[in-house]
């Protein structure tokens, strides 16, 4: 290893590579592999909000709704203003008829409409 390359630089390069991989895999509909790429990111960077959002989208696409909700909830806990996570959670809660966890209730705009049936999945914006 080059003495001028720090551990944090290596981690950031890995994050960049896994992010690109996760996005490409999602665009190809290879959701299981996209999940793995995002989990690699979250191992090194547990607070990576975009990785949590992408993970939520991938889980949703595989019908793993509880795991999708958990990923989006984690994202929203870290960034209460996260519109992707909030909108996706409203749709997920309606789909699975689940109540939001109490600490996030006020962070989710449009929650009052979550009781209605939702046919579409979480927003495509959650891929990037």
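Annotations for the structure displayed:
- Within segment 8-113, helices (runs of 4 or more DSSP H) holding 3 or more residues that are modelled with pLDDT of 95 or more: 31-44, 49-61, 65-78
- Evaluated against (1) more than 25 Å from residue 99 (Cβ to Cβ); (2) touching a helix residue (DSSP H, G or I) at 6+ places or on another chain (Cβ under 8 Å), residue 67 falls short on exactly one condition, (1).
- First in segment 34-52 and under 17 Å from residue 13 (Cβ atoms), second anywhere and loosely packed, with under 15 Cβ neighbours inside 10 Å, Cβ under 6 Å, 6 or more apart: 44/11
The values are calculated or read from the model by the stated rules, or taken from the named source; none is laboratory data. Being a predicted model, the structure only gives us computed values, none of them experimental. Cβ sites come from the backbone with ideal geometry, for glycine too, and all protein chains shown count toward neighbours.
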